[in-house]
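Scroll down for the structure; my scribbles are underneath it.
Computed from the coordinates by the stated procedures, all read-outs in this text should not be read as laboratory data. Since this is a predicted model, take the numbers as computed values, not measurements. For neighbour counting, all protein chains shown are included, and Cβ atoms are generated from backbone atoms with ideal geometry for every residue, glycine included.
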């Protein structure tokens, strides 16, 4: 039967159904809420519905998300801007999204969550499945100095979890990112800089299934990545793992399988890879590392990040092998970092000098450092030292 042969009554019914489904679709779409947080909104009012009426702390937005999420689950966003928030942020099952509609905590211009050593985590995702965190600087989670004291803690009783952490700077915590309990799956950590944490950059334990992509995991006090229990599959792609005090990747159990692709792993203190079930340096997936792994322990011939003392994740030398050498021509490591020319500073050393001079002073031949070792300790890739004649 063609459309023209439909009766008027059936046509009317069809129109009614289309109208009804249109209303339902509108209701579903309009259920997604955006909740705003701006600590500079000191004058109020504060209902979180616009920037002009933004909450001044994240905790109020978390409470509001729980209320909103109970009506329509998933698809909601908390937007945070302006400044430093000295508060711990915990999401629970009341804040979980759905598989097709994640809830999101999003920072604008990288606001800071700093718990100032008074809490064990900056952000805790506690059974809040289908959740996405992006665009924050997270620091200060050092209270207990335990395995789960971290910038972000991923926690659940049973998976799948579907947690995504994107475009965050995670530093100055005990651990960068950690997870608690078993059976975590659907974890994506992407485009993050995880650096200068006291212990490990990322630590996962039993039955974790995760993708770590486009990350810089550098300068942490123990390992870059540490897997401490069995039954896990970890894919690390397009990452730079450098300058960590212990190992770049440390794998404890035979069934904690780590695979690397298009990664630069170098200048880690005790070695690049370690698998306790095999020999030092033998890691499953190591053959997937491209030729840039030849840069190991040769930072002078393999310039990467500008400040190799502090492992600055924001600036990279313009001729760094990280650039354009990753998957599909992307940079290796965090995307979008600024580049600077490779030419560095020139420092002067003379037996008549003083190591008490600052780096700025030592760039003048009239105020040189006294020892070559002091110059070497302060140089980064691209710098030059001019040594005057004499006995050193």
Using all Cα-Cα distances in the stretch 101-146, what percent lands in each 10 angstrom bin from 0 up to the longest? 27, 44, 28, 1
The Rg/Rh figure for the stretch 315-392, Cα atoms and Kirkwood Rh, to two decimals is 1.18
What would the Debye equation give as log₁₀ I(q)/I(0) for the stretch 31-174 at q = 0.10, 0.21 Å⁻¹, counting only Cα atoms as equal point scatterers? -0.30, -1.31
Order the peptides 66-74, 383-391 from the highest to the lowest mean number of other Cβ atoms within 10 Å of their residues. 66-74, 383-391
Can you tell me the length gained on complete extension of the stretch residue 82 to residue 372, counting 0.36 nm per residue apart and subtracting the Cα distance? 99.9 nm
